[in-house]
């Protein structure tokens, strides 16, 4: 082969590599959706809910619809901005808490009122989805809600031991939702609101004496390493629960090819919300045992103290009901409905 010929073939090969890929006739495009959330990839939600769900979507669509997950706010912003990121198309899908924007989603607060939720995430999550479908479409009309659920009983994690309600007075504790914060202040706790990713630094720097979070999220934010004492509230209904929403940009959802949208729809809604509840309950039980195994202490408040706390939060309910009336919303009916739903799923 002459030098000239070798050079021609070399140029031809380089041109072939540089040429743009042309999809064969009849081939179908792959769609990738970006899911943005606030916890690290070691978190239960990331590993045991979102990754399996993304794989299920890929399997159901023959790999044509993929979900790429961005944990730890990798796409920018802060946890309270996630809902607007879905609305505005900054992310295709987001996971957040409505409670991160207090007052914006008043109907969702029905499930977050103190001493309403089940001790288990399973009944709470099934009820949450049914409640959202029935009552929250207008409240979250700016996004496509893919799943809506609520966690199991919240636990009080503290640097100092807590044996009775009196021990909590004056403690600086992180609260998860507006209503939980009001309920904590009702018994003299110095309640401080912040998204859960900020809790480790606040504990390490002494800005907090503890935090109120469910067992499920404890390892993701190293709470069990930063405090040694964990206090549960006995029985049901439990002290509080927080709601979660998985939401999608509506334009992005509507732009999905019809066959992909149909397959995608089969993986969301009631099944995904119920799966979230199952994951929270299973992970919570395992993490509780892990915390015991490392030598931390777990105590339960006396029943009399729970009753005293329940009486102390009556003004929180009254204030919420008054605020709902001010918004022309029937808080009494909403509260009765969610209680009935939780009871039905608790008995199932």
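For every residue, the table says whether it meets (1) more than 17 Å from the chain's Cα centre (by Cα); (2) within 25 Å of residue 266 (Cα to Cα); (3) without any contact (Cβ under 8 Å) to a residue 40 or more places away in the chain.
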residue: 44; (1), (2), (3): no, yes, no
residue: 71; (1), (2), (3): no, yes, yes
residue: 75; (1), (2), (3): yes, no, no
residue: 92; (1), (2), (3): no, yes, no
residue: 95; (1), (2), (3): no, yes, no
residue: 99; (1), (2), (3): no, no, no
residue: 111; (1), (2), (3): no, no, no
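Residue 279 - would you say it is touching a helix residue (DSSP H, G or I) at 6+ places or on another chain (Cβ under 6 Å), outside the structural domain of residue 146 (by TED's automatic domain parsing) and crowded, with 18+ Cβ neighbours inside 10 Å? Here the answer is no, as residue 279 does not meet what is asked. Considering only the range 248-261, I want to know if a residue exists there that is modelled with pLDDT of 95 or more, touching a strand residue (DSSP E or B) at 6+ places or on another chain (Cβ under 7 Å) and part of a strand (DSSP E or B). Among the residues of the range 248-261, at least one is modelled with pLDDT of 95 or more, touching a strand residue (DSSP E or B) at 6+ places or on another chain (Cβ under 7 Å) and part of a strand (DSSP E or B), which makes the answer yes.
Criterion applied to 120, 185, 141, 126 was being assigned by TED's automatic domain parsing to the domain that holds residue 303 and either free of Cβ contacts under 8 Å to residues at least 60 places away in the same chain or in contact with a helix residue (DSSP H, G or I) (Cβ under 9 Å, 6 or more places away or on another chain) (or both), and the one residue passing it is 185.
Check every one of the strands (runs of 3 or more DSSP E) wholly within the range 150-245 and list those with 2 or more residues that are under 21 Å from residue 47 (Cβ atoms) and at pLDDT below 95. Show your work before the answer.
Values: elements: 155-158, 172-175, 190-193, 210-213, 229-232.
Result: empty, no element qualifies.
The set of residues from the range 245-273 being surrounded by fewer than 23 Cβ atoms within 10 Å (Cβ to Cβ) and within 29 Å of residue 153 (Cβ to Cβ) comprises 267, 268, 269, 270, 271, 272.
List the helices (runs of 4 or more DSSP H) inside the range 291-348, counting only whole elements, that have at least 1 residues being closer than 27 Å to residue 129 by Cβ and in contact with a helix residue (DSSP H, G or I) (Cβ under 8 Å, 6 or more places away or on another chain). First the steps, then the outcome.
Details: elements: 303-312, 314-326, 331-347.
The qualifying helices (runs of 4 or more DSSP H) are 314-326, 331-347.
Pairs linking a residue in the range 251-271 that is assigned by TED's automatic domain parsing to the domain that holds residue 142 to a residue that is part of a loop (DSSP other than H, G, I, E, B) and at pLDDT 95 or above, with Cβ atoms under 7 Å and 6 or more positions apart or on different chains, are 251/89; 252/89; 252/92; 260/61; 260/64; 263/61; 264/256.
Can residue 172 be described as touching a residue at least 40 places away in the same chain (Cβ under 8 Å), outside the structural domain of residue 92 (by TED's automatic domain parsing) and surrounded by fewer than 19 Cβ atoms within 10 Å (Cβ to Cβ)? Here the answer is no, as residue 172 does not meet what is asked. Just one of (1) part of a helix (DSSP H, G or I); (2) touching a helix residue (DSSP H, G or I) at 6+ places or on another chain (Cβ under 6 Å); (3) surrounded by fewer than 21 Cβ atoms within 10 Å (Cβ to Cβ) fails for residue 84. It is (2).
Among the residues making up the range 88-105, a single one is crowded, with 16+ Cβ neighbours inside 10 Å, modelled with pLDDT of 95 or more and part of a helix (DSSP H, G or I): 98.
The values are calculated or read from the model by the stated rules, or taken from the named source; none is laboratory data. Source: prediction; values computed, not measured. Cβ coordinates were reconstructed from backbone atoms using ideal geometry, including for glycine residues, and neighbour counts include every protein chain displayed.
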